[in-house]
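Undergrad: Below is a structure I'd like to ask you about.
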Amino acid sequence: MVAYPPRVSLARLPTPFHKLTRLSEELRVNLWIKRDDLSGLLLSGNKVRKLEFSLARAMADGCDAIITCGGVQSNHCRATAFACAQLGLEAHLVLRGQNETPYEGNLLLDEVAGAFITMLPPDQYRRSLRALLRAKEEELSREGKRPFVIPTGASDGHGIWGYVAGSEELMADFNRENIQPKAIFCATGSGGTQAGLTLGMHLLGSGVPVCGVAVCDDSQYFHSKVGADISQWCRWYGESLDVSSLPVWVNDGYIGPGYAVADGVVYDTIRMLARKEGIMLDPVYTGKAFHGLLTEIRKGQFAANDDIVFVHTGGLYGNFAHRQQLSKRGEG
Ligand SMILES: *Cc1c(COP(=O)(O)O)cnc(C)c1O
């Protein structure tokens, strides 16, 4: 079928796939959930699928020090810290945040796992990330290490293999449940999950559209980012494919106030799903994406009994940096 490059085993696969029974009944559609929040490696969600390929590449190249970057509560950076610890590699994280940021949630775990942390205030991060990553690489090389840089979210030509493999798993889920979904929804943050699913569904000859719900940048940005990740994959792995002909669906109507900042409706959605189905979303990614999906269903985008799939990409620890917004709204 698909010929995969080297891969390290970090995830617990396949993840469960099941219907959200009570919510489906209420919405009069069949809403299914892919439980990638249960992918293992400390609940690393979608990131562990991508890291299986990115870290395999680093190790195949003989590298022993991983450099990556992200927001202060980055799930990707925390997943990288623990994956590196499991594989005996050093993790160097460049985080966008203030120096006085409290060590909680993912940041606390980064430290516990022994990652080397460099904190950069947001404006400096925007201006000089590239130069800083380069400097880190040179510094580690001078120390006799073999550094390997993984970009934000491991969303590049290596990492997207994770969701090509994830697509195969989903297709097996669809066959087992005997469904032909109208759409697959996921949160889109650095684009790699959507790129991998879009590519995977194409390679498997599936026509199910993959809809990314943007959590930070706009639709135009993600169209080009998803295309760029797939083009890079083509270049790196010698594949030829008319990338511009791949359908890329992005909904940027649910970003709210901005990245990692959510409206009350998102916290309400998190509380609703926790109570109705016993599943915990997060305020940065999956809460926004799931709120977006529910709103689209309620607006009548789908017909009665349509099968719709939500990929739960994880993010649990992100909740703990939002505990005030999550708890203060208690309506009993
Ligand atoms: C990183 C992340 C996403 C976004 O995935 P991308 O591949 O970066 O677009 C979605 N959900 C969670 C919980 C994440 O940590």
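Undergrad: Of all residues in region 269-281 being without any contact (Cβ under 8 Å) to a residue 40 or more places away in the chain and crowded, with 18+ Cβ neighbours inside 10 Å, which is nearest to R323 (Cα to Cα)? If you could, list the steps in order and put the result at the bottom.
TA: Narrowing region 269-281 to residues without any contact (Cβ under 8 Å) to a residue 40 or more places away in the chain: 269, 272, 274-275, 278, 281.
From what is left, the residues that are crowded, with 18+ Cβ neighbours inside 10 Å are 269, 281.
Values: T269: 15, L281: 13 Å.
Filtering first and then ranking leaves L281.
Undergrad: Moving on. Determine if region 241-253 includes at least one residue that is touching a residue at least 12 places away in the same chain (Cβ under 8 Å), open to solvent by less than 40 Å² (accessible area, probe 1.4 Å), hydrophobic (A, V, I, L, M, F, W, C) and farther than 30 Å from A3 by Cβ.
TA: no
Undergrad: Does region 173-189 contain at least one residue that is small (G, A, S), closer than 23 Å to E296 by Cβ and either open to solvent by 10 Å² or more (accessible area, probe 1.4 Å) or near the ligand (Cβ under 10 Å from one of its atoms) (or both)? Steps first, please.
TA: Here is the first cut: in region 173-189, the ones small (G, A, S) are 183, 187, 189.
Imposing the further condition that a residue be closer than 23 Å to E296 by Cβ reduces the set to 183, 187, 189.
Subset that is either open to solvent by 10 Å² or more (accessible area, probe 1.4 Å) or near the ligand (Cβ under 10 Å from one of its atoms) (or both): 187, 189.
Checking region 173-189: at least one residue is small (G, A, S), closer than 23 Å to E296 by Cβ and either open to solvent by 10 Å² or more (accessible area, probe 1.4 Å) or near the ligand (Cβ under 10 Å from one of its atoms) (or both).
Undergrad: May I pose another question? Can you confirm whether region 211-230 contains a residue that is more than 16 Å from the ligand (Cβ to nearest atom) and open to solvent by 40 Å² or more (accessible area, probe 1.4 Å)? If you could, list the steps in order and put the result at the bottom.
TA: Here is the first cut: in region 211-230, the residues more than 16 Å from the ligand (Cβ to nearest atom) are none.
No, region 211-230 contains no residue that is more than 16 Å from the ligand (Cβ to nearest atom) and open to solvent by 40 Å² or more (accessible area, probe 1.4 Å).
Undergrad: Let me ask another. Taking region 138-160 only, how many residues are away from the ligand (no atom under 16 Å from the Cβ) and open to solvent by 10 Å² or more (accessible area, probe 1.4 Å)? Break it down into steps so the answer makes sense when it comes.
TA: Looking only at region 138-160, we keep the residues that are away from the ligand (no atom under 16 Å from the Cβ), and these are 138-149.
Checking the rest, the ones that are also open to solvent by 10 Å² or more (accessible area, probe 1.4 Å) come to 138-139, 141-149.
Final tally of qualifying residues: 11.
Undergrad: Can you find a residue that is under 17 Å from the mean Cα position of the chain (by Cα) and assigned to a helix (DSSP H, G or I) anywhere in region 247-267?
TA: no
Undergrad: With the requirement that a residue be surrounded by fewer than 24 Cβ atoms within 10 Å (Cβ to Cβ) and either at positive phi or within 16 Å of the ligand (Cβ to nearest atom) (or both), what does region 191-203 give you?
TA: M201, the sole residue that qualifies.
Undergrad: So if I check each of V261, V311, V266, V284, which one is open to solvent by 20 Å² or more (accessible area, probe 1.4 Å) and either farther than 17 Å from R28 by Cβ or within 16 Å of the ligand (Cβ to nearest atom) (or both)?
TA: Values: V311 fails: open to solvent by 20 Å² or more (accessible area, probe 1.4 Å); V266 fails: open to solvent by 20 Å² or more (accessible area, probe 1.4 Å); V284 fails: open to solvent by 20 Å² or more (accessible area, probe 1.4 Å).
Result of the check over V261, V311, V266, V284: V261.
Undergrad: What strands (runs of 3 or more DSSP E), lying completely within region 56-124, carry at least 3 residues that are within 16 Å of the ligand (Cβ to nearest atom) and free of Cβ contacts under 8 Å to residues at least 40 places away in the same chain?
TA: Details: elements: 65-71, 90-96, 116-120.
Qualifying strands (runs of 3 or more DSSP E): 90-96.
Undergrad: Against the condition within 16 Å of the ligand (Cβ to nearest atom), among the aromatic types (F, W, Y) and without any contact (Cβ under 8 Å) to a residue 60 or more places away in the chain, how does F53 come out, does it pass?
TA: Working: within 16 Å of the ligand (Cβ to nearest atom): yes; among the aromatic types (F, W, Y): yes; without any contact (Cβ under 8 Å) to a residue 60 or more places away in the chain: no.
Judged against the criteria, F53 is not a match.
Undergrad: Now for a different question. Read through the list (1) open to solvent by 10 Å² or more (accessible area, probe 1.4 Å); (2) within 14 Å of the ligand (Cβ to nearest atom); (3) in a loop (DSSP other than H, G, I, E, B), then give the number of the only condition that D37 fails.
TA: Against the list (1) open to solvent by 10 Å² or more (accessible area, probe 1.4 Å); (2) within 14 Å of the ligand (Cβ to nearest atom); (3) in a loop (DSSP other than H, G, I, E, B), D37 comes up short only on (3).
Undergrad: Same structure, new question: Out of (1) over 30 Å from R298 (Cα atoms); (2) surrounded by fewer than 24 Cβ atoms within 10 Å (Cβ to Cβ); (3) not small (G, A, S), what's the single condition that is false for Q73?
TA: Result: Q73 passes all but (2).
Undergrad: Shifting gears a bit: Out of S39, S24, S9, I need the residue that is of a type in the set (S, T, Y) and without any contact (Cβ under 8 Å) to a residue 24 or more places away in the chain. Which one? Give the derivation first.
TA: Numbers: S39 fails: without any contact (Cβ under 8 Å) to a residue 24 or more places away in the chain; S9 fails: without any contact (Cβ under 8 Å) to a residue 24 or more places away in the chain.
Answer to the selection: S24.
The values are calculated or read from the model by the stated rules, or taken from the named source; none is laboratory data. All figures in this text were calculated on a predicted structure; none of them were measured in a lab. Neighbour counts are summed over all protein chains in view; Cβ atoms, including those assigned to glycine, are modelled from backbone coordinates with ideal geometry. Just so you know, the surface numbers come from the protein's heavy atoms only, side chains and all, with ligands and any DNA or RNA stripped out. Shrake-Rupley method; radii C 1.70, N 1.55, O 1.52, S 1.80 Å.
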